[in-house]
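One structure below.
The values are calculated or read from the model by the stated rules, or taken from the named source; none is laboratory data. Note that the structure is predicted; figures quoted are calculated from it, not measured. Because the Cβ atoms are built from the backbone with ideal geometry, glycine has one as well, and the counts that use them run over all protein chains shown. Remember, those area values only see protein heavy atoms, side chains included, never the ligands or the DNA or RNA. Shrake-Rupley method; radii C 1.70, N 1.55, O 1.52, S 1.80 Å.
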Amino acid sequence: MESLIIRPGHLTAHQTAQALGIGLPAVRKLVQRGKLRRSGGTDRQPWYAAADVAAYAAKRATARSA
C-alpha cells in the first residue's frame, strides 16, 4: 500500500507509471538506467519529483515525433 501523505510536487511510483503510460517495472528500469531519479520516500515506496517526470515525458514525446 502506498503512503497517503506525500510532499507537494512529488509523485508516487504508481502515479509516475500512470503519467508516463508505463508499468512499475519500467519505472524501476528508468531509475536503474539513470533516466529518472528518486527524490524521496522509502526504498519500498519511492517518490519522484513531478518536474522530473514531466521533463522525461516531454523528452519521450519529442523523441517519438522525430
Full-extension gain in nm, Ala50 to Ala63, via 0.36 nm per residue minus C-alpha separation: 2.7 nm
Peptides ranked, highest mean first, by Cβ atoms within 10 Å: ranges 57-66, 23-32, 41-50: 41-50, 23-32, 57-66
Mean separation of Cα contacts under 8 Å (6+ apart) over length of the chain, as relative contact order %: 35 percent
Nearest-ten-degree value, helix 50-65 long axis tilted from longest Cα axis of the chain: 20 degrees
The chain - percent of accessible surface contributed by carbon and sulfur, probe 1.4 Å: 56 percent
Dipole magnitude of the chain about its Cα centre (Cβ charges: Lys, Arg +1; Asp, Glu -1), debye to nearest 20: 300 debye
